[in-house]
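Down below is the structure, laid out as structure tokens.
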Amino acid sequence: MKRILFSIFSIALIALLSCNYSKGVKKDLSTGLSASYNGLSMDDIYLADADGNRLNNNRIPLGNKITIVATGIDYFETKEGKVFPGCSILLIDKNKKEVLNLPDAFSELANGTPIDEAKTLQASLNTGNPMVVGETYHLSVRFFDKNKKESEILADVDILMKE
């Protein structure tokens, strides 16, 4: 009986480990950036300034560029040696009004990209008009696999515009 149970457990473990599946959440307490991933995996995700430096808060000077950077991304579906990442960016104000809505910020990757180039993905936002100093905005980014749209990384952060 023990041998049968061990065999069943071993088969189940091998089946589980052989699946290209990942699911989890990450939270950056210093910036408030929260992320979840399902189907894709990632090592890290963070908010960066225009120079690529990791930010330690969510107060952004109006007129500056910010970027959500996801690193160590894996499990894209591959076709002919390429992957097809997508990215949507949504910025809303305190009244839930859309300030920016880009359904596919990676539209230039319609023909795919090498796997290694999709290990790090970035979604950038140039702050400015109609944004207002002193107001808080909600930034949502979705990185996804265009060949398997349910495989995604969702990131959300509130950003406060400062002078």
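The values are calculated or read from the model by the stated rules, or taken from the named source; none is laboratory data. The structure displayed is predicted, hence computed values, not measured ones. Here Cβ is always computed from backbone atoms with ideal geometry, including for glycine, and neighbour counts include all displayed protein chains.
Of ILE73, ILE66, ILE89, all but one fail to be of a type in the set (Val, Ile, Thr), in contact with a Phe, Trp or Tyr (Cβ under 9 Å, 6 or more places away or on another chain) and at pLDDT 95 or above; the exception is ILE73. Name the one entry in LEU40, LEU29, LEU55, LEU33 that is modelled with pLDDT of 60 or more and touching a Lys or Arg at 6+ places or on another chain (Cβ under 8 Å). One residue alone meets the criteria, LEU33.
So ASN111 fits all but one of (1) surrounded by fewer than 15 Cβ atoms within 10 Å (Cβ to Cβ); (2) in a strand (DSSP E or B); (3) not small (Gly, Ala, Ser); what number is the exception? Unmet condition: (2).
For segment 81-103, enumerate the residues that are touching a residue at least 40 places away in the same chain (Cβ under 8 Å) and either of a type in the set (Phe, Trp, Tyr) or over 15 Å from MET131 (Cβ atoms) (or both). If the condition is that a residue be touching a residue at least 40 places away in the same chain (Cβ under 8 Å) and either of a type in the set (Phe, Trp, Tyr) or over 15 Å from MET131 (Cβ atoms) (or both), then VAL83, PHE84, PRO85, GLY86, CYS87, SER88 are the ones that fit. Apart from one condition, GLU98 fits all of (1) touching a Lys or Arg at 6+ places or on another chain (Cβ under 7 Å); (2) exposed (fewer than 11 other Cβ atoms within 10 Å of the Cβ); the exception is (1). Those strands (runs of 3 or more DSSP E) of segment 17-66 in which at least 1 residues are of a type in the set (Ser, Thr, Tyr), considering only elements entirely within it, cover 34-38, 44-48. For residues that are within 22 Å of ASN95 (Cβ to Cβ) and among the polar types (S, T, N, Q), scanning just segment 119-163, find the one that is surrounded by the fewest Cβ atoms within 10 Å (Cβ to Cβ). Result: ASN129.
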